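The values are calculated or read from the model by the stated rules, or taken from the named source; none is laboratory data. What you see is a predicted model, and the numbers here were worked out from it, not measured in a lab. FYI the Cβ positions are ideal-geometry reconstructions off the backbone, even for glycines, and counts take in every protein chain you see. These accessible areas exclude ligands, DNA and RNA; they are computed on the full protein's heavy atoms, side chains included. Shrake-Rupley method; radii C 1.70, N 1.55, O 1.52, S 1.80 Å.
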Amino acid sequence: MSQAADNGGQMERLKAGLLRLVPASGAGLIEDHLARLDTEYLTRYDQSRVAEHIAAVAELRQGRHCRLLRHCLEAGVWEITAVAFDHQGIFSLIAGCLASQGLSIVSGEVWTYAESTRDDSAAAVPSRFDLRFSRRVRRPQPAADSPEAAFLRRKKIVDNFTVHVLGAEPDWDELERRLDSLAGMLQQGQVEQARREVNARVIEYLSRASHEAEHKLLPVRVELDNESSERYTVMDIRADDTPAFLYLFTNALAMRGVDIRNIRIRTRGGKVEDRFFITDRQGAKITGERRTDQLRFIVALVKQFSHLLVRSPDPTMALNNFERLVERIYAEQEAPGAQGLKLLDFNEQTVMEALARLFGTSNFLWEDFLRIQYENLLPVIADLEGLESYKDKATMWAECEMALVGQTSYEAAADALNSFKDREMFRIDMRHILDKIDSFTEFSRELTDLAEVVIEAAYRICHSDLSRRYGHPVCEDGTPCRFAVFALGKAGGRELGYASDIELLFVHSCKGRTSGAEAISNREYHEKLAQQIIRTIRSKEKGIFELDLRFRPYGNQGSLSSTLRQVEEYYSDSGPAWDFERQCLVRLRFIAGDSGLGDRVLAVRDSFVYSGRALNIEELYRLRNRQLEEFVVPGAWNAKFSRGGLVDIEYHVQHLQVEHGAADQSVRLTGTRAALKALHAGGYLDEATYRALREAHRFLRHLINALRILRGHARDLVVPAEGSEEFAFLARRMGYPLGGEDKLAQDLEKHRQAVLRVVDWDEKVRRYREDNSGTVQTGE
């Protein structure tokens, strides 16, 4: 008897036995199952196990998406099998669910149906395995358009694992329901929702499991073989076992379009020996040096990150963002002079930890990192020692001048300035993210110093460019026309945070004309100068290092640069300035240009703001209510504009400064925290109020900074709903431990109520009316 006939006889006996064990499945399903799985599958499992698998496949007909079979092998050791419809990334979700339950995979095999063909032929996976049964099995075919035919055509998976239960035994029924739900999400195209659900559970488990773990780099060996299998690339991985590696790695492969056809998993003595049979999305082998290098790199990266990622506010974001960066670097690797990943030492523990923290903090920071020339920023990560120390303004200015040396055109100088700005902003953000900065005050001071250096340099570049064409501005009396730049708001108070905009005021000293052959008026010249400065300093995103000139005399109706005379007339007791502008000018500070003109303008400010005349609280109350209407979403709480938010603290402090600053110059300070301290020292704030406002101010600044980092822009400062995934990420970004959302919610309410107790706008209005009319009136 021939070998083929013997094989055929064995197959027929197997089918007959299976039909007796699972008659409800039907002969067609049994034949489909046997024909479309690797021949080695039939050597791995006895007839009873195969029958179980087929029975589980049959249940998929009834609206199920995944079945979980289980057998206890010994105490704490189980054999489990997931049977489901095949989808891109489903193995990753299964591995993630198991990991999140504390189930350590000791061994396993992943079996995937071959594509259905008309004659039902399929090829085996690894050609070197002994093929005991014929793969060409002819059987009656159901009608091509029947539900049964459609069901049979769909690919299925049989994923078998031996697992150790590391903690309490899981609720197996609940685990099966969860797997069924996730597979259903994939069926409906809800891939991201499914991933987010698993990510949250895996991250929670990793954070618990890694709490006491030693976070050190681990060696990993990767071998890629395109010879032993006719259809698949075979990848062998040998490394120390780490929690959730299989989930994170297969998730990374799925996101990169790598199709996992089969997996063999072995763990011996804390070492993993995993074999993956993979293709690209078109079913072809993964070949070429660049693509195979990418695979090796991603293995090493995930192996390290799988236990370092827990230090990130959002570990999955960290992994995904770094994968995308690697794609970008490899895509440009053939460019002349490209260094790419060679600039980083991935065997250096601190570098890997820094990357995990950076890319798990903010999607915007990653986009920013990638949008800028990342090869200029990679050295910042590589030189972590350089992030340890504060860089003072003099040092920044010297480095800025060096960046501008040799730039012979306006365009080249502007490019060099923005590259310097972006690199320094990234460095300061990295210092903040990696906790290299002792306090938020230091972070703000360093950002403010950078802003001042960049604005001064931009002014010089633009003035030099314009004066070549128009000459220098000259006053009507023949003296040079001077120019000065002032900061207001957070920049004026030296309190810039992440994603803060920069409020400025431009002033020139006099009317007149320029001295060049193409002469224009000083007004026109300084209008062009202001416009060019705004264009030169490129905002990376709306609201981030964006120049804001709205608080100039006459607002948007006024010139971008005002003359000293206009400033004197506008900011006078008889001028048209509103009382809220007195409040804004509390934080006016000279930062660039002619210091003599700066002193003149600040003298005008002092005379106007600290005149001793009481503020019109009703006007400010109406402004505050407009802010609530314009910036606060009903039912949400905005950390800046809502009642009890940061604006209430700032306005209250500025009211006190205006009220007492005429008689006490010690409170004429531009920074809110410095002003709070001075008001307390002067006896204008009692100890309890001072402490409450100081702590609330610190908390709210930290909260706003964390919100901006998470969302990547300055405008949306609504605190996410308690219990949401975003609220949990916010807590982690603010330094709360895993599960610290409740503490964040408590702190938020505590500081909000503290501000509301101090800053009572209705009471402010009542007192103002009483002081100005002698009668008590009802507040609006």
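With a Förster radius of 41 Å applied to the C-beta separation of TRP172 and SER539, the computed FRET efficiency comes to 0.15.
With all protein chains present and a 1.4 Å probe, how do PHE631, PHE506, PHE440 order by accessible area, largest first? Don't skip to the end; give the middle numbers.
Numbers: PHE631 90, PHE506 0, PHE440 45 Å².
Output order, biggest surface exposure first: PHE631, PHE440, PHE506.
Summing Cβ point charges (Lys, Arg +1; Asp, Glu -1) relative to the Cα centre of the range 607-653 gives a dipole of roughly 40 debye. When the Cα gyration tensor is reduced to axis lengths a ≥ b ≥ c, the ratio a/c is 1.5 or higher for the range 522-666, and with a/b not above b/c it is classed as oblate.
Would you mind telling me the share, in percent, of accessible area of the range 662-704 contributed by carbon and sulfur at probe 1.4 angstrom? Could the numbers behind the result be given before it?
Details: 980 of 1930 Å².
Heavy-atom surface of the range 662-704 belonging to carbon and sulfur, 1.4 Å probe: 51 percent.
Which of the lysines could a cross-linker bridge to LYS15, judged by Cα under 23 Å and excluding same-chain residues fewer than eight apart? Within the straight-line limit of under 23 Å, LYS15 reaches these lysines: LYS155, LYS156.
Taking every protein chain into account, the 1.4 Å probe leaves TYR690 with about 20 Å² of accessible area, to the nearest ten. Accessible surface of ARG766, taken over heavy atoms with a 1.4 Å probe and every protein chain present, rounds to 70 Å². Computed about the Cα centre, the dipole magnitude for the range 30-71 is approximately 240 debye when only Lys and Arg (+1) and Asp and Glu (-1) carry charge, each at its Cβ. Applying a threshold of 20 Å to the alpha-carbon distances of LYS393/LYS421; LYS490/LYS640; LYS393/LYS640 flags LYS393/LYS640 as lying beyond it.
In this view, the solvent-accessible surface of HIS660, computed with a 1.4 Å probe and all protein chains in place, comes to about 40 Å². The residue list LEU68, ALA35, GLN47 was ranked by how far each Cα lies along the charge dipole of the range 27-120 toward its positive end, using unit charges on Cβ atoms, and LEU68 comes out on top. The residue among THR672, HIS652, VAL601 whose Cα reaches farthest toward the positive pole of the charge dipole of the range 593-750, with charges on the beta-carbon of Lys, Arg, Asp and Glu, is VAL601.
Using R0 = 60 Å, the C-beta based FRET efficiency linking GLU59 and ARG221 works out to 0.90. Put a dot 7 Å past the Cα of ASP438, heading toward its Cβ, do the same for GLU630, and the two dots end up 3.9 nm apart. Shape annotation for the range 657-780: C-alpha extents along the principal axes are 53, 35, 28 Å, from largest to smallest.
A simple spin-label model places pseudo-atoms 7 Å from Cα toward Cβ; at ASP760 and VAL77 they are separated by 7.1 nm.
For LYS528, a cut-off of 20 angstrom between C-alpha atoms picks up these lysines, skipping any fewer than 8 places away in its own chain: LYS511.
Placing unit charges on the Cβ atoms only, positive for Lys and Arg and negative for Asp and Glu, gives the range 641-705 a dipole magnitude near 260 debye about its Cα centre. Here the range 456-479 and the range 679-713 have alpha carbon centers that stand 41 Å from each other.
Of the residues ILE709, MET734, TYR690, the one whose Cα sits farthest toward the positive end of the charge dipole of the range 682-754, with +1 on the Cβ of Lys and Arg and -1 on the Cβ of Asp and Glu, is ILE709. Taking 37 °C and 0.692 mPa s as conditions, the range 412-452 diffuses translationally at an estimated 306 µm²/s according to Stokes-Einstein applied to its Kirkwood radius (Cα pairs). In terms of Cα atoms, the Rg and Dmax of the range 1-88 work out to 14.5, 48 Å.
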